[in-house]
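Since the structure comes first, as structure tokens, the remarks are kept for the end.
The values are calculated or read from the model by the stated rules, or taken from the named source; none is laboratory data. In this text, all values refer to a predicted model and were calculated from it rather than measured experimentally. Note: ideal-geometry Cβ built from the backbone for every residue, glycine included; neighbour counts use all protein chains shown.
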Amino acid sequence: MCPFGIIGGTNLFHSKVLKGMKKSDVPTTYGTVQAFESPPGEVVFISRHGLESPVPPHRIDHHANIMAMKSMGVKHILGITSVGSLKMEIPPGTLMVPDDFIQLSGIPTFFRDEIKHITPYLNEEIRRVILKTGREHGFPVRAGGVYIQTPGPRFETKAEVRFFSGFADVVGMNMASEATLAGEMEMEYANLSVVDNYGNGISGEITYEEFMEMVRAHQEDLDRFLEFLIPELLKKFK
């Protein structure tokens, strides 16, 4: 049983954090999920896109990923997401710890056949550990901000970026869905958003190739941060 889980994306594809961890297939009613478990059974990692045949963002099975975490005994989840900045004052390389999110369409649920409502939120205790660790070790961690989720797979238009910037600070394609489903399963969830690019039109246009180049450029810093952060999370959430 693993009390803490981490769900990552493109930032974790080639991460050295996963080296030495035991890989397993976790069956769920939504499909089988590949997971990596640390030797003492303290933390489990899931790549939301999968590993062998990466799934595009609009086809990720968030239900399966969250249910796999639940079946492995996870009670607290950190989602690591790659995002675009909607503000010039939030440059690429920033590690943002959002305190709220927006998702206007495609909101997932486990409650398809019953009337049940939750109030979504991001866990403050996990957020505090992330921020404290970042500040103690000199990482560019930004406290607070609003994450807005779009369905993908395309990037946002310049007009959309201008519109979103009035209500949010970063834009991505996954976090809100994970936070909602985790909440429905009574699991605590928080997010670390790695700013890999400016939104379309804020500092020129963005291409997929440029985006992936920035993801790779920030991978080493993310790995270094996780080496400090994971032990602190495990001390707090055993």
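Laid out as a table, the results:
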{"quantity": "Cross-chain or 6+ apart pairs with Cβ under 6 Å, region 96-110 first and under 19 Å from Asp61 (Cα atoms), then of a type outside the set (Gly, Ala, Ser) and not in a loop (DSSP other than H, G, I, E, B)", "calculated": "Gln103/Gln149; Pro108/His62; Pro108/Leu181; Phe110/Glu184"}
{"quantity": "Boolean, Ser105 is at pLDDT 95 or above, closer than 23 Å to Leu86 by Cα and among the polar types (S, T, N, Q)", "calculated": "no"}
{"quantity": "Where a residue in region 25-46 is touching a residue at least 24 places away in the same chain (Cβ under 8 Å) and of a type in the set (Asp, Glu) and its partner, wherever it lies, is surrounded by fewer than 20 Cβ atoms within 10 Å (Cβ to Cβ) and in a strand (DSSP E or B), with Cβ under 9 Å and at least six apart", "calculated": "Glu37/Lys22; Glu37/Lys23; Glu37/Ser24"}
{"quantity": "Residues within region 150-208 that are modelled with pLDDT under 95, among the charged types (D, E, K, R) and under 22 Å from Asp221 (Cα atoms), tallied", "calculated": "1"}
{"quantity": "Residue under evaluation Met67, criteria (1) touching a Phe, Trp or Tyr at 6+ places or on another chain (Cβ under 9 Å); (2) surrounded by fewer than 13 Cβ atoms within 10 Å (Cβ to Cβ), criterion not met", "calculated": "(2)"}
{"quantity": "Residue ID - surrounded by the fewest Cβ atoms within 10 Å (Cβ to Cβ), chosen from residues in region 101-123 that are over 13 Å from the mean Cα position of the chain (by Cα) and within 27 Å of Phe211 (Cα to Cα)", "calculated": "Ser105"}
{"quantity": "Residue satisfying all of: in region 161-172; free of Cβ contacts under 8 Å to residues at least 40 places away in the same chain and in a helix (DSSP H, G or I); nearest to Glu210 (Cα to Cα) among these", "calculated": "Arg162"}
{"quantity": "Residue ID - farthest from Asp99 (Cα to Cα), chosen from residues in region 177-201 that are in contact with a Leu (Cβ under 7 Å, 6 or more places away or on another chain) and not small (Gly, Ala, Ser)", "calculated": "Val194"}
{"quantity": "Single unsatisfied condition, Asp221 versus (1) touching a helix residue (DSSP H, G or I) at 6+ places or on another chain (Cβ under 8 Å); (2) over 16 Å from Leu78 (Cα atoms); (3) touching a residue at least 24 places away in the same chain (Cβ under 8 Å); (4) not aliphatic (A, V, I, L, M)", "calculated": "(1)"}
{"quantity": "Where a residue in region 54-70 is in contact (Cβ under 8 Å) with a residue 60 or more places away in the chain and its partner, wherever it lies, is of a type in the set (Lys, Arg), with Cβ under 6 Å and at least six apart", "calculated": "Ile60/Arg48; Asn65/Arg48"}
